[in-house]
Amino acid sequence: MTHCRNQIAQIVVTAAEMRAIENRLFAAGMPVAALMEKVAGLLARRMIDQWEALGLAPAKIGVLVGPGHNGGDALVIARELYLQGYSVVVTQPLAKLKELTEAHAQYGKSLGIPWVSLEELLDSCKILIDGLFGFGLERSISGELAEQIDRINQSQILICSIDLPSGIHTDTGQVLGCAIRADYTFCLGLWKAACFQDSAVEYLGTVEWIDFGIPFADIDAILGQSSRCYRITKERAIAGLPLPRPLLSHKYKAGHLLLVCGSEEYAGSAILAGLGARASGVGMLSIAVPHRLKPLLVAQLPEALIIPCPETETGAIAELPDTLNYQKYQAIACGPGITRSAEPIIPTLLNLPIPAILDADGLNILASLGMSQLNQRSAPTILTPHTGEFKRLFPNIDPNIDRIKAVREASQQTGAIVLLKGARTAIGSPTGTVYLNPESTPALARGGSGDVLTGLLGGLVAQLPQAPEMATQTATWWHAQAGILAAQQRTALGVDAFHLTEYLSQIPLR
Ligand SMILES: NC(=O)C1=CN([C@@H]2O[C@H](COP(=O)(O)OP(=O)(O)OC[C@H]3O[C@@H](n4cnc5c(N)ncnc54)[C@H](O)[C@@H]3O)[C@@H](O)[C@H]2O)[C@@H](O)CC1
Ligand SMILES: [K+]
């Protein structure tokens, strides 16, 4: 892929943005029908390759046609497959079609492609091409159409959705009444936001981008200075690494991270965060823990400086030592395992002019102290909540409806970078830009995996304190890739947080 297409592969749009970009192409003279031919031709070739790879090539193919241009795409594919000798049938649940779609339907019928009922299609086909709705879906699906979608979902047919699984809202990823559960989704032209929303994950199947050559200038003209949304590709993630390391580096030039973590109750959190930080390549690592944890931490992380802190009766950090010289640190990461008893340390840390990452009970303490604690911050702040923590921090923002909008609002309200963990982690920045992690694994839904992320992120921020947004994207991608690799080798059951830290160093970062 060229540099320009690589850039386009990172862009994520809403339905309105896609519509505006499409209209710009048409206004410039690109014929609508020609674009549909081009797109559907690319789609047909890609689908055939995919079926062949699955050993399904000669099977009969069912095509589900909706009223708009998503249905038009499906009909062009049906025609091309039919002309190549495939056995094809079409089912068209809604009578009224847009003009171009209607023209393709007439031509398909004239060629002799059979129009059949959904029952007949499901009885005779192994593959279904879903061209019911794309980004033009605006109303909820109900009634007979909803029943038909249920029947499709209950069948064993392999479903390839064009652009989006029909029924999924392009921006929020919500199911509008009901939706097709695809095995494969071929997203057209530009990545749509729904492909990165947790609510759509179970409907998308394997997602692939079909680049049909939208000129970068048209995308740029429409997106302009508006709040952009980016997919964290490998190229993007790697660009955020502190590499190559300068030849004359020394340990204090490669960042010094202060981790504040652990308690009697959650001693392991401190170890896991420390191991995550170790994997980041950070030059120096200091770990502040309750006094009694020092021997344990020294044994597990011999390279780290362990700072024993005065502790509460329950074995939490009561305060940070007076002797601590904060000027040494390029970043502070606080929260894993500290328990809510460590409350007094949070205002102290937030008053420092050093980039700070807050996680776990660090976030819960912040929620109870109030977000005004962040008002005086002069250095970047990164909050890394899961959905429950997010709700406590931002009771007025619902993270379950639209996670992209939620992190954008949360970040703009607080001035902090907000990393909302999930199947598709979303990162909001105060400028309104949102970064979306495209791939992960449910194997990471496990105690301790967040502690590893905090350490890794802290280590990267300490090395690149001027680029906290980059570091946050890189850490998110790297952590997820390690989970994916570990799950491939050990199954989803084998990805405990300790092994995850070992897989971090196995991810190719070139
Ligand atoms: N963006 C692009 O540049 C291109 C888009 N193409 C295709 O065009 C699609 C968008 O086409 P359209 O704008 O025609 O939209 P869709 O094909 O997604 O469907 C919109 C149609 O469905 C109707 N509709 C919406 N909600 C409904 C509901 N709940 N029940 C019944 N009917 C409902 C609308 O009235 C409209 O007629 C894309 O997803 C893609 O597949 C391609 O053909 C070519 C290039
Ligand atoms: K579709």
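The values are calculated or read from the model by the stated rules, or taken from the named source; none is laboratory data. Since the structure is predicted, the reported quantities are computational estimates derived from the model, not experimental observations. Quick reminder, even Gly has a Cβ in these numbers, built from the backbone with ideal geometry, and neighbours come from all protein chains shown. Areas reflect the complete protein model, heavy atoms only, side chains present, ligands, DNA and RNA absent. Shrake-Rupley method; radii C 1.70, N 1.55, O 1.52, S 1.80 Å.
Does the stretch 1-59 hold any residues that are in contact (Cβ under 8 Å) with a residue 12 or more places away in the chain, in contact with a Phe, Trp or Tyr (Cβ under 6 Å, 6 or more places away or on another chain) and of a type in the set (Gly, Ala, Ser), and which are they?
Correct list: Ala15 only.
Restricting to the stretch 70-98, name every residue that is part of a helix (DSSP H, G or I) and either open to solvent by less than 20 Å² (accessible area, probe 1.4 Å) or over 16 Å from Gly112 (Cβ atoms) (or both). Give the steps one after another, and end with the answer.
Within the stretch 70-98, the first condition is being part of a helix (DSSP H, G or I), and the residues that meet it are 70-83.
Selection gives Asn70, Gly71, Gly72, Asp73, Ala74, Leu75, Val76, Ile77, Ala78, Leu81.
Go through the stretch 123-156 and count every residue that is part of a loop (DSSP other than H, G, I, E, B), away from ligand 2 (no atom under 12 Å from the Cβ) and in contact with a helix residue (DSSP H, G or I) (Cβ under 6 Å, 6 or more places away or on another chain).
So the count comes out to 1.
What are the residues in the stretch 119-136 that are open to solvent by 20 Å² or more (accessible area, probe 1.4 Å) and within 9 Å of ligand 1 (Cβ to nearest atom), if any?
Phe133, Phe135, Gly136
Is it the case that the stretch 334-350 has a residue that's closer than 30 Å to Ala194 by Cα, in contact (Cβ under 8 Å) with a residue 60 or more places away in the chain and of a type in the set (Ser, Thr, Tyr)?
No, the stretch 334-350 has no match at all.
Among the residues of the stretch 8-16, are any within 16 Å of ligand 2 (Cβ to nearest atom) and open to solvent by less than 40 Å² (accessible area, probe 1.4 Å)?
Yes, that holds for at least one residue.
Residue under question is Cys229, and the condition is that it be more than 30 Å from Pro344 (Cβ to Cβ) and either in the same structural domain as Asn400 (by the TED database) or more than 16 Å from ligand 1 (Cβ to nearest atom) (or both); does it hold?
When the stated conditions are applied, Cys229 passes them.
For every residue, the table says whether it meets (1) in contact with a Leu (Cβ under 7 Å, 6 or more places away or on another chain); (2) closer than 23 Å to Asp49 by Cβ; (3) not acidic (Asp, Glu).
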{"residue": "Val116", "(1), (2), (3)": "no, no, yes"}
{"residue": "Leu128", "(1), (2), (3)": "yes, yes, yes"}
{"residue": "Gly136", "(1), (2), (3)": "no, no, yes"}
{"residue": "Ile141", "(1), (2), (3)": "yes, no, yes"}
{"residue": "Ala146", "(1), (2), (3)": "no, no, yes"}
{"residue": "Asp150", "(1), (2), (3)": "no, no, no"}
{"residue": "Ser155", "(1), (2), (3)": "yes, no, yes"}
{"residue": "Gly167", "(1), (2), (3)": "yes, no, yes"}
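Residue pairs, Cβ under 7 Å, 6 or more apart or interchain, first in the stretch 304-322 and assigned to a loop (DSSP other than H, G, I, E, B), second open to solvent by 20 Å² or more (accessible area, probe 1.4 Å) and of a type in the set (A, V, I, L, M). List them.
So the pair list comes out as Pro310/Ala318; Thr312/Ala318; Pro321/Ile307.
Being in contact (Cβ under 8 Å) with a residue 60 or more places away in the chain, over 22 Å from Leu42 (Cα atoms) and aliphatic (A, V, I, L, M) narrows it down to one residue among Ile141, Ile152; which is it?
Unique residue meeting the criteria: Ile152.
Looking at this structure, is Ala200 open to solvent by less than 20 Å² (accessible area, probe 1.4 Å), within 12 Å of ligand 2 (Cβ to nearest atom) and aliphatic (A, V, I, L, M)?
So Ala200 fails the test.
Being assigned to a loop (DSSP other than H, G, I, E, B) and either aromatic (Phe, Trp, Tyr) or open to solvent by 30 Å² or more (accessible area, probe 1.4 Å) (or both) is the filter here; which residues of the stretch 252-280 pass it? Break it down stepwise before answering.
Initial filter on the stretch 252-280 (assigned to a loop (DSSP other than H, G, I, E, B)): 254-255, 261-266, 280.
Correct list: Glu264, Glu265, Tyr266.
Any residue that is open to solvent by 20 Å² or more (accessible area, probe 1.4 Å), of a type outside the set (S, T, N, Q), outside any loop (DSSP other than H, G, I, E, B) and free of Cβ contacts under 8 Å to residues at least 40 places away in the same chain - is there at least one of those in the stretch 367-376?
Looking for residues that are open to solvent by 20 Å² or more (accessible area, probe 1.4 Å), of a type outside the set (S, T, N, Q), outside any loop (DSSP other than H, G, I, E, B) and free of Cβ contacts under 8 Å to residues at least 40 places away in the same chain, one finds at least one in the stretch 367-376, hence yes.
Name the one entry in Pro58, Pro67 that is open to solvent by less than 70 Å² (accessible area, probe 1.4 Å) and outside any helix (DSSP H, G or I). It would help to see each step written out before you state the result.
Values: Pro58 fails: open to solvent by less than 70 Å² (accessible area, probe 1.4 Å).
Selected residue: Pro67, the only one of Pro58, Pro67 that is open to solvent by less than 70 Å² (accessible area, probe 1.4 Å) and outside any helix (DSSP H, G or I).
Out of the stretch 138-189, which residues are within 30 Å of Asp218 (Cβ to Cβ), open to solvent by 50 Å² or more (accessible area, probe 1.4 Å) and away from ligand 1 (no atom under 11 Å from the Cβ)?
Listed by number, the list holds a single entry, Gln174.
Residue check: is Gly274 touching a strand residue (DSSP E or B) at 6+ places or on another chain (Cβ under 9 Å) and at positive phi?
no
Inspect the stretch 326-344 for any residue being part of a helix (DSSP H, G or I) and open to solvent by less than 10 Å² (accessible area, probe 1.4 Å) and give the result as yes or no.
Checked against the condition, which is being part of a helix (DSSP H, G or I) and open to solvent by less than 10 Å² (accessible area, probe 1.4 Å), the stretch 326-344 yields at least one hit.
Scan the stretch 65-84 and report the pairs whose first residue is within 6 Å of ligand 1 (Cβ to nearest atom) and whose second residue is acidic (Asp, Glu), with Cβ atoms within less than 7 Å and a gap of 6+ or a chain change.
Here the result reads Asn70/Asp163, each pair linking the stretch 65-84 to a residue that is acidic (Asp, Glu).
Of the residues that make up the stretch 99-107, is at least one of a type in the set (Ser, Thr, Tyr), in a strand (DSSP E or B), surrounded by 17 or more Cβ atoms within 10 Å (Cβ to Cβ) and within 16 Å of ligand 2 (Cβ to nearest atom)?
Checked the stretch 99-107: no residue is of a type in the set (Ser, Thr, Tyr), in a strand (DSSP E or B), surrounded by 17 or more Cβ atoms within 10 Å (Cβ to Cβ) and within 16 Å of ligand 2 (Cβ to nearest atom).
Taking the residues in the stretch 203-217 that are among the hydrophobic types (A, V, I, L, M, F, W, C) and assigned to a helix (DSSP H, G or I) as candidates, determine which candidate is surrounded by the most Cβ atoms within 10 Å (Cβ to Cβ).
Leu204
When you go through Ala471, Ala445, Ala467 one by one, which is the residue that is out of contact with any Gly (no Cβ under 9 Å at 6 or more places or on another chain), hydrophobic (A, V, I, L, M, F, W, C) and in the same structural domain as Ile271 (by the TED database)?
Ala445
Answer yes or no: is there a residue in the stretch 85-101 that is under 23 Å from Glu138 (Cβ atoms), in the same structural domain as Asp220 (by the TED database) and under 29 Å from the mean Cα position of the chain (by Cα).
Looking through the stretch 85-101, none of the residues is under 23 Å from Glu138 (Cβ atoms), in the same structural domain as Asp220 (by the TED database) and under 29 Å from the mean Cα position of the chain (by Cα).
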